[in-house]
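Note sheet for the following structure.
The values are calculated or read from the model by the stated rules, or taken from the named source; none is laboratory data. For clarity, every value in this text was computed on a predicted model and none was experimentally measured. FYI the Cβ positions are ideal-geometry reconstructions off the backbone, even for glycines, and counts take in every protein chain you see. We work out accessible area using only protein heavy atoms, side chains counted, and drop any ligands, DNA or RNA first. Shrake-Rupley method; radii C 1.70, N 1.55, O 1.52, S 1.80 Å.
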Amino acid sequence: SQSLDEMLYVLQSMAENPQANHEELCSYLSAAVVALALRIHRAASERAEQTHYQLGIRTQMYLDRHYLENLTLDSIAQAMEVSKYHLDRVFLATAGCTPVQYITRRRLAHAQTLLASTRQTVRHIAEQCGYTNYSYFTSLFRRTVGITPREYRKIAQGNMPRHNT
């Protein structure tokens, strides 16, 4: 900042003049320099935080539109015009999960909707949700949801009594 540069110049000039008695003035000016530097730093931090937040939101919107496509961290980062490492860190900080985890959650949520509302085969639903490997889909669904896709469908469509715990 120009103000900070000017204050530092005056402070340096006063400090280099040993004949004048500027200790008290230098002390006040030093405190003002520190306060201004902190304000500049805070403003820069807030801008960086806002930029990260905007990247996180833009990425989430992109993923919401494209989650059924064959996405990789590289392709997402390329679409966002940042490095994949930066994207991964920023998205984790803003969304609470990585972009790849977010895609998985969106796909499985879509699968749950289809299982509950259609009669399509589980294999067809897996493919519609971006999973070409049926076994992987079933395993991922069970690991994430806690039951198989078929069990989920039965419960969601009211064809199987829930167990009381």
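Ligands, DNA and RNA are left out, and with a 1.4 angstrom probe the accessible area of the chain is 68 Å² per residue.
The candidate values are (i) 31; (ii) 57; (iii) 26; the one derived from this structure for percent of Cα pairs over 25 Å apart carries the label (ii). Distance between the C-alpha centres of segment 116-132 and segment 51-92: 25 Å, rounded to the whole angstrom.
Per-residue ellipticity at 222 nm computed for the chain from its helices equals -25000 deg cm²/dmol, with DSSP H segments shorter than 4 residues left out and the rest contributing -39,500 (n - 2.57). If R0 is 25 Å, the Cβ-Cβ spacing of residue 53 and residue 75 corresponds to a FRET efficiency of close to 0.65.
Think of the chain as a dipole: +1 on every Lys or Arg Cβ, -1 on every Asp or Glu Cβ, centred on the Cα centre; then among 26, 55, 134, 134 lies furthest on the positive end. Computed extension length for residue 113-residue 32: 23.2 nm, one decimal, from 0.36 nm per residue of separation with the Cα-Cα distance subtracted. Taking the chain as a Gaussian network, Cα atoms linked when under 10 Å apart, which of 60, 101, 12 shows the biggest mean-square fluctuation? Maximum among the listed residues: 12.
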